[in-house]
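*Asks:* Below you'll find the structure I mean.
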Amino acid sequence: MRAIVMLLLVRQVQSSVYMEDSLRRMAAMGLDALVEIGPGKALSGFVKKTVPELPVYAVETAAELEQLTETIKGASL
């Protein structure tokens, strides 16, 4: 059991590193913005800390998605 827990902890730490690398790479490739869809804003917070120059939007409801779509339609991000 202890070995399984240790393995899972290693994977969890590696996953956040991969996420950070992925975010930095996407920003370097010219990503305009990132949209987090779903409850909570944990990923948005992580993105803001990792690549603060990248605009990030958190959307929890269909109404918020519709509003964001109208806001950024035709906008230069």
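Every read-out reported here was derived from the displayed coordinates using simple, explicitly stated rules and does not represent laboratory data. Please read all numbers here as calculations on a predicted model, not as lab measurements. Positions of Cβ are backbone-derived with ideal geometry, glycine not excepted, and every protein chain shown enters the neighbour counts.
*Asks:* Sort out which residues of segment 27-40 are aliphatic (A, V, I, L, M), more than 22 Å from K73 (Cβ to Cβ) and surrounded by 10 or more Cβ atoms within 10 Å (Cβ to Cβ), and write them in order of number.
*Replies:* Residue satisfying the conditions is A27 alone.
*Asks:* Note down all Cβ pairs under 6 Å where the first residue falls in segment 49-77 and is over 23 Å from A28 (Cα atoms), the second is of a type in the set (F, W, Y), and they're at least six residues apart or on different chains.
*Replies:* Close Cβ pairs satisfying both conditions: L68/Y57.
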